[in-house]
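The values are calculated or read from the model by the stated rules, or taken from the named source; none is laboratory data. All values reported here derive from a predicted model rather than from experimental measurement. All Cβ positions, glycine included, derive from the backbone under ideal geometry; neighbour counts span all protein chains shown.
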C-alpha cells in the first residue's frame, strides 16, 4: 500500500544504457529498488535514462505539432470528432470543454510504426480499431515525425527493460513479460493543457479547491513513462490523503504503474492516485495558440508513454490465480470513462 511519503524517490537507471551492459549486481540492485518504489509510493523519477533526445528536443517535437493550424490538426482527428474520418484510436483530439471543464487538454496519439499483425475486433458494440495504423500530416507539415517514431521505439525498449526487472523482483524469469510485448499497443501521447484564468495556490493540500486540468485518477494499464515540462502541476496522493507535488526534475522521466500491473503483481505493487493542477496565465507574445494579445495562455506540455500489451494478451496475476483478463477487453471498458472517447461510446 502507499505510504505517507512527502516526495517521490529518484531511481538511477544509468546501468540500462551502459555500452558495456549492466552487471548482474547492478541489475539485481535496480530490480530491488524498483520493487520497493512500486510497493510504497507507486511513483518515481528515473534519471540517466537511455534515450537519444533530451527534454528540450522532446518538447520541441510536441510544440511543433500543437503549433500547426487547427484545421491541419483536425485533418487527423478521430472519428469521434470528424464523422467522415476512419481513424478511431490513433490521431488527434481537441479540447472538449462541454464534457469536462476541469479536464481540458488536446492531444495526439501514435502507436507503433510497423503494422500490428493481430487484427482488432471491431463491431457495433466495440467501435475502436486498436490495431489501426498511425495518421500523420501530409508531406513535410510535421518534420518531427521521424524523431517521434524513434522516441516511441526507445521508450518501448525502456519499458521492456523495466518489465524484465519487475519480473525478477516478483520472483519470475527475466522473460516473464515477453508475451506482453507481442503486437504491443503502446501509445505515445502528446498533450497540451491550455492555461486557465487562475490556478489555486498552495500545493500539498488535500483540499478540493485546486483548479485542475486533469482530475484525480489512477492509470488503467501496465506502465507509464512521462516527460513533464517545467510548468509543473503533477501531484501524487499519499496514504494520508495529502497531495504531494512532483516538481520538474530536468532530464528525468516520471514512472508509475497502473491498475492492471497492480493486479498482475498480486497486489504487491500499488497504482497511486494522481492529478494535474492547471497552469495559470502568463504574459507572452508567442503563445502556442497563436493569439497575439500578449496575455494569452502558455499552457503545459506533457508527453506520456503508456506501455500496453497486445489486444489478445492474457493478463493474470503472477501468483497464478485463475482470474485473468484479455487486455483488449480491459482497455475497451476503460475507454468508456475517458473524455476523449466519450462522444463515440
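General observations
- Of the numbered criteria (1) at pLDDT 75 or above; (2) over 30 Å from residue 59 (Cβ atoms), the one residue 308 fails is (2).
- Number of residues in segment 137-155 that are crowded, with 18+ Cβ neighbours inside 10 Å and within 20 Å of the chain's Cα centre (by Cα): the value is 5.
- Condition met for residue 282 (in a loop (DSSP other than H, G, I, E, B), over 18 Å from the mean Cα position of the chain (by Cα) and at pLDDT 50 or above): no
- Taking the criterion of being free of Cβ contacts under 8 Å to residues at least 40 places away in the same chain and either more than 26 Å from residue 226 (Cα to Cα) or surrounded by 22 or more Cβ atoms within 10 Å (Cβ to Cβ) (or both), the residues of segment 307-328 that qualify are 320, 322, 323, 324.
- Output for segment 136-159, where each listed residue is closer than 27 Å to residue 31 by Cα and in contact with a strand residue (DSSP E or B) (Cβ under 8 Å, 6 or more places away or on another chain): 151, 152, 155, 156, 158, 159
- Residues located in segment 114-136, provided they are touching a helix residue (DSSP H, G or I) at 6+ places or on another chain (Cβ under 8 Å) and surrounded by 15 or more Cβ atoms within 10 Å (Cβ to Cβ): 120, 121, 128, 130, 136
- Criterion (modelled with pLDDT under 90 and part of a loop (DSSP other than H, G, I, E, B)) met by exactly one of 271, 199: 199
- Those strands (runs of 3 or more DSSP E) of segment 1-97 in which at least 2 residues are closer than 30 Å to residue 242 by Cβ and modelled with pLDDT of 95 or more, considering only elements entirely within it, cover 10-12, 43-47.
- The lone exception for residue 232 - which of (1) buried (at least 16 other Cβ atoms within 10 Å of the Cβ); (2) part of a strand (DSSP E or B); (3) at pLDDT below 90 it fails: (2)
This table checks each residue for (1) farther than 30 Å from residue 299 by Cβ; (2) touching a helix residue (DSSP H, G or I) at 6+ places or on another chain (Cβ under 9 Å); (3) free of Cβ contacts under 8 Å to residues at least 40 places away in the same chain; (4) surrounded by 19 or more Cβ atoms within 10 Å (Cβ to Cβ).
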| position | (1), (2), (3), (4) |
| --- | --- |
| 6 | no, no, no, no |
| 19 | yes, no, yes, no |
| 40 | yes, no, no, yes |
| 44 | no, yes, no, yes |
| 50 | no, yes, no, no |
| 54 | no, no, no, no |
| 61 | no, yes, no, yes |
| 70 | no, no, yes, no |
| 74 | no, no, yes, no |
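- If the condition is being closer than 30 Å to residue 329 by Cβ, touching a strand residue (DSSP E or B) at 6+ places or on another chain (Cβ under 9 Å) and either buried (at least 23 other Cβ atoms within 10 Å of the Cβ) or at pLDDT below 95 (or both), then segment 238-259 contributes 253, 255, 256, 257, 258.
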